[in-house]
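This report refers to the structure that appears directly beneath it.
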Amino acid sequence: MSTIDVHAHAIVPNALREMSAAHPDHGPQLVEKEGRRFLHYPGRANLGPLPDAIFDPDLRLAAMSRQRVDMQVIAIPPPNFHYHVPPRVGIDFARIQNEALAAMSDSMPERFHWFATLPLQDIPSSLEEIDRVAGHVRMRGVQTGTNINGVDLDDPSLEPVWEQLEQADL
């Protein structure tokens, strides 16, 4: 029987660099203090210290072997949802991170599947992102926060997202 970890956060350093290059006023940056890594978010609290395996697939695989985990479903950590940023920035950040997780999954398809993120501050763009990523063979669903800028998940404005996810069997 296989052991599957369905809640494993992953951060792809190249995605962080791409996010910061695209939107320097909003992009998180990886910083090191006293040999420990943190994510610095402009205008927000730092996240960390973070384990090295969250950034490094080889270290992650070694940890998975020690833990006897055969597969992980990887997803970004919640501070990287970026619901608070302007819609255009959120759209770019969701796409960059989804592409990075898909590439990580593609690099080790028998070990990594993934959950997408959506720019839920912009419903039409969230629907476009669902269409864009739904066809990836190892994309298993979508991870969301519990609140989008003061809007709870049962708000009627989010209904098109839930309907589209259901139609896509996600």
**OP:** Check whether at least one residue in region 147-170 is β-branched (Val, Ile, Thr), part of a helix (DSSP H, G or I), more than 29 Å from GLU110 (Cβ to Cβ) and in contact with a Ser or Thr (Cβ under 8 Å, 6 or more places away or on another chain), and report yes or no.
**Re:** yes
**OP:** Being touching a strand residue (DSSP E or B) at 6+ places or on another chain (Cβ under 7 Å) and either more than 24 Å from VAL142 (Cβ to Cβ) or in a loop (DSSP other than H, G, I, E, B) (or both) is the filter here, so list the residues in region 1-10 that pass it.
**Re:** SER2, ALA10
**OP:** Please name all residue pairs, on different chains or six or more residues apart, with Cβ atoms under 9 Å, provided the first residue is in region 132-155 and is more than 12 Å from ALA75 (Cβ to Cβ) and the second residue is part of a loop (DSSP other than H, G, I, E, B) and open to solvent by 60 Å² or more (accessible area, probe 1.4 Å).
**Re:** ALA134/ASP169; ASN149/HIS84; ASP152/THR146; LEU153/THR146
Original post:
Just one of the numbered conditions (1) open to solvent by 30 Å² or more (accessible area, probe 1.4 Å); (2) in contact with a helix residue (DSSP H, G or I) (Cβ under 6 Å, 6 or more places away or on another chain); (3) modelled with pLDDT of 95 or more is not true of SER65; which one?
Top reply: (2)
Original post:
So which residues in region 132-158 are over 20 Å from HIS82 (Cα atoms) and either out of contact with any strand residue (DSSP E or B) (no Cβ under 9 Å at 6 or more places or on another chain) or open to solvent by 30 Å² or more (accessible area, probe 1.4 Å) (or both)?
Top reply: ALA134, GLY135, HIS136, VAL137, ARG138, ARG140, PRO156
Original post:
Restricting the first residue to region 57-80 and requiring it to be in contact (Cβ under 8 Å) with a residue 60 or more places away in the chain, which pairs with a second residue that is in a loop (DSSP other than H, G, I, E, B) and open to solvent by 70 Å² or more (accessible area, probe 1.4 Å) meet a Cβ separation below 8 Å and a spacing of at least six or different chains?
Top reply: ASP70/SER2; MET71/SER2; MET71/GLU110
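The values are calculated or read from the model by the stated rules, or taken from the named source; none is laboratory data. From a predicted model like this one, the values you see are computed outputs, not experimental measurements. Note that each Cβ is placed from the backbone with ideal geometry, even for glycine, and that neighbours are counted across all protein chains shown. What goes into the accessible areas is simple: the full protein's heavy atoms, side chains included, and nothing from ligands, DNA or RNA. Shrake-Rupley method; radii C 1.70, N 1.55, O 1.52, S 1.80 Å.
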